[in-house]
Amino acid sequence: MYMDYAEIGRRIAQKRKNLQLTQAEVEERANLCPKYLSNIEHGRSIPSIDVLMQIADSLHTTPDQLLLGAGSLQNVGLSDTTIENIRRLPSNKLVLLTNFVDWLNEQKI
C-alpha cells in the first residue's frame, strides 16, 4: 500500500488547526523535538508508528484518521468540543454514557 506522506502531513496540520493549536503546542504534548512536526506536516519527515500515535493522541484523534482520513468521530457529526468532553469523562461516567447510547439506539423514535 502506498502512503502519501504529504497528505498525512496535511491531515495532521488540518486537525491541529481545527483544534486551534500551534505546532509547538502539539510538539510539547507529543514530546517531539522542535520543528519536527513542521517537517511531518510538509511531508519532509516520515513519522514512526510511535510518533504517529503520540501525535494522534495529542490531537484527540486516531492514527487511521491521520493515515487514511477515516475513523474519526467527526465523521458521525460530533464536534471537537464534544469529543474532548467525552475524552475527559472518568471511566464510571463513560460507562453511563455508553449505556445511555445503547438505550437510545434501542428506542423507536
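The values are calculated or read from the model by the stated rules, or taken from the named source; none is laboratory data. Because the structure is a prediction, the values reported are computed rather than measured. Because the Cβ atoms are built from the backbone with ideal geometry, glycine has one as well, and the counts that use them run over all protein chains shown. When the accessible area is computed, the model is the full protein with side chains, heavy atoms only, and any ligands, DNA or RNA have been set aside. Shrake-Rupley method; radii C 1.70, N 1.55, O 1.52, S 1.80 Å.
For a test of the definition: using alpha carbon positions, the gyration tensor, and the 1.5 limit on a/c, classify the chain as rounded, prolate or oblate. Don't skip to the end; give the middle numbers.
Working: a/c = 2.64, a/b = 1.93, b/c = 1.37.
Cα axes put the chain in the prolate bin.
Mind checking the stretch 1-101 for GluC sites (Glu not before Pro) that DSSP puts in a loop (not H, G, I, E or B) and that have at most 11 other Cβ atoms within 10 Å? Can you show the working numbers first?
Numbers: sites: 7, 25, 27, 28, 41, 84; in loops: none.
Answer in residue order: no site qualifies.
Quick check for you: with a 1.4 Å probe and neighbouring chains kept, what is the accessible area per residue of the stretch 7-47, in Å²? Each step should come with its number before you reach the end.
Numbers: 2510 Å² over 41 residues.
I get 61 Å² per residue for the stretch 7-47.
Nothing charged except the Cβ atoms of Lys and Arg (+1) and of Asp and Glu (-1): what's the magnitude of the dipole of the chain about its Cα centre? Round to the nearest 20 debye. Write down the numbers at each step before the final one.
Values: 12 positive and 13 negative charges, 41 e Å.
With only Lys, Arg, Asp and Glu charged at Cβ, the dipole is about 200 debye.
On the protein heavy atoms, probe 1.4 angstrom, tell me the percent of accessible surface of the chain carried by carbon and sulfur.
Exposed carbon and sulfur together represent 55 percent of the surface.
How much net charge surrounds residue 54 when only the other residues with a Cβ under 14 Å from the Cβ of residue 54 are counted, with Lys and Arg +1 and Asp and Glu -1?
Working: positive: 15, 16, 29; negative: 25, 27, 28, 50, 57.
Summing Lys/Arg as +1 and Asp/Glu as -1 gives -2.
Name the residue from 85, 8, 67 whose Cα lies farthest towards the positive end of the charge dipole of the chain, charges +1 on Cβ of Lys and Arg and -1 on Cβ of Asp and Glu.
It is 85, whose Cα lies furthest towards the positive end.
Where does the charge balance sit around residue 36 when Lys and Arg score +1, Asp and Glu -1, over other residues with C-beta under 12 Å from its C-beta?
On the way: positive: 35, 44; negative: 27, 28, 41.
Neighbour charge sum, excluding residue 36 itself: -1.
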